[in-house]
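Peer 1: Pasting a structure below so you can have a look.
The values are calculated or read from the model by the stated rules, or taken from the named source; none is laboratory data. This structure is a prediction, so every number in the text was calculated from the model and none was measured. All Cβ positions, even for glycine, are placed from backbone atoms using ideal geometry, and neighbour counts span all protein chains on display. Note: areas computed on protein heavy atoms with side chains; ligands, DNA, RNA excluded. Shrake-Rupley method; radii C 1.70, N 1.55, O 1.52, S 1.80 Å.
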Amino acid sequence: MNSARTGQRGGDWIVTEEHGPAGDFHGREIELPAKRQLMIFHVTTTALVLGSTQSANDVDNEAASEIEIVHRRSGGGAVLLEPDHNLWIDVVVPRDDVLWNDDVGQATWWLGERWMTALSACGVSDLRVHRGGLEPTPLAKVVCFAGLGPGEVVQGERKIVGISQRRTRDAARFQCCVLGRFDNDQHRRLLAPGWERVGAGPDSPLPVASFAQLEALKQAFLAQFA
């Protein structure tokens, strides 16, 4: 299925919004010359997106028989994307941009602050941007939202915004995701072999805060780039 694309310019930012399968979106390279860009992706089919180095052996093929299995080019564990139940926005920053930071650990802090501002505008409280290093758990090797990385936004002790990054000599592509719903049991079924591989118990909870007002959050986030 081909993706449908609309575009506009918001201040110094090129903004595009597309509908299509996750595999098409993750397979893209950054267009050169790199420009400031916000890319909003709406998946049209359910997809389980594995981290760049994650083995497909983590997936229960029978449980995932009707789900698209995709590898992204950034690290971490798997993310389950469902139509209308996630907000996925990629942010591209060229290397010569004032927003560029050579420190990989600090490069996402500014972006986390903008997500926190957008969430606050939607009435979400008890938020913080994680400014430390990676805080992996054994389960984070299997499920992305089980760990915590720089720039990601936490509500209380639960992660609400996931951010991964892929850097080249020309630009950085920050992949941001907010889940509109999260089913712990579903993840355990789909990723049962990986779950067992890392020694997680059957009742291991994933600290994820879902957020249903995705359209309002999208508008509040984009407003900061106008």
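Peer 1: Order the peptides 55-63, 17-25 from the highest to the lowest mean number of other Cβ atoms within 10 Å of their residues. Working shown, then result.
Peer 2: Working: 55-63: 14.8, 17-25: 18.3.
Averaged packing, sorted descending, gives the order 17-25, 55-63.
Peer 1: When the accessible area of the range 40-147 is computed with all protein chains present and a 1.4 Å probe, what percentage of it is carbon and sulfur?
Peer 2: Details: 2360 of 4850 Å².
So the carbon and sulfur contribution to the accessible surface is 49 percent.
Peer 1: Rounded to two decimals, what ratio of Rg to Rh does the range 7-57 give with C-alpha atoms and a Kirkwood Rh? Can you show the working numbers first?
Peer 2: Working: Rg = 13.5 Å, Rh = 12.9 Å.
When Rh is taken as the Kirkwood radius, the ratio is 1.05.
Peer 1: Keeping all protein chains in place and using 1.4 angstrom, which order do Glu113, Glu215, Glu196 fall into by accessible surface area, from largest down?
Peer 2: Numbers: Glu113 65, Glu215 100, Glu196 145 Å².
These residues rank, largest area first, as Glu196, Glu215, Glu113.
Peer 1: May I ask for the angle, rounded to the nearest 10°, between helix 109-121 and the longest principal axis of the chain, with both axes built from Cα atoms and the value confined to 0 to 90°?
Peer 2: Roughly 90 degrees, rounded to the nearest 10.
Peer 1: Continuing with the same structure: Take peptides 120-129, 167-176 and line them up by average Cβ neighbours within 10 Å, highest first, as a rough protection proxy.
Peer 2: Values: 120-129: 13.4, 167-176: 18.5.
Ranking, from highest mean packing down: 167-176, 120-129.
Peer 1: Ratio of alpha-carbon Rg to the 2.2 N^0.38 Å globular estimate for the chain, to two decimals, please. Write down the numbers at each step before the final one.
Peer 2: Details: Rg = 16.7 Å, N = 226, 2.2 N^0.38 = 17.3 Å.
Expressed relative to 2.2 N^0.38 Å, the Cα Rg reads 0.97.
Peer 1: Using a ≥ b ≥ c from the Cα gyration tensor of the range 94-173 (square roots of the eigenvalues), is it rounded, prolate or oblate, where a/c under 1.5 gives rounded and otherwise the larger of a/b and b/c decides, a/b for prolate?
Peer 2: On the way: a/c = 2.36, a/b = 1.25, b/c = 1.89.
Here the range 94-173 falls in the oblate category.
Peer 1: Using only the Cα atoms of the range 136-226, build the gyration tensor, take square roots of its eigenvalues as a ≥ b ≥ c, and label the shape rounded, prolate or oblate: rounded if a/c is under 1.5, else prolate if a/b is larger than b/c, else oblate.
Peer 2: Working: a/c = 2.46, a/b = 1.50, b/c = 1.64.
Cα axes put the range 136-226 in the oblate bin.
Peer 1: Ignoring everything except DSSP H segments at least 4 long, calculate the 222 nm mean residue ellipticity for the chain; use -39,500 (n - 2.57) per segment, divide by total residues, nearest 500. Walk me through the intermediate numbers first.
Peer 2: Numbers: 5 runs with 40 residues, N = 226.
The helix contribution divided over the chain gives -4500 deg cm²/dmol.
Peer 1: Right, next: Treat each spin label as a single point 7 Å out from the Cα along the C-beta direction, and report the Thr16 to Ser120 distance in nm.
Peer 2: In this crude spin-label approximation the distance works out to 3.2 nm.
Peer 1: Express the accessible area of the range 71-159 per residue in Å², computed with a 1.4 Å probe while the remaining protein chains stay in the model. Numbers along the way, then the final one.
Peer 2: Working: 3780 Å² over 89 residues.
Accessible surface, normalised per residue, equals 42 Å².
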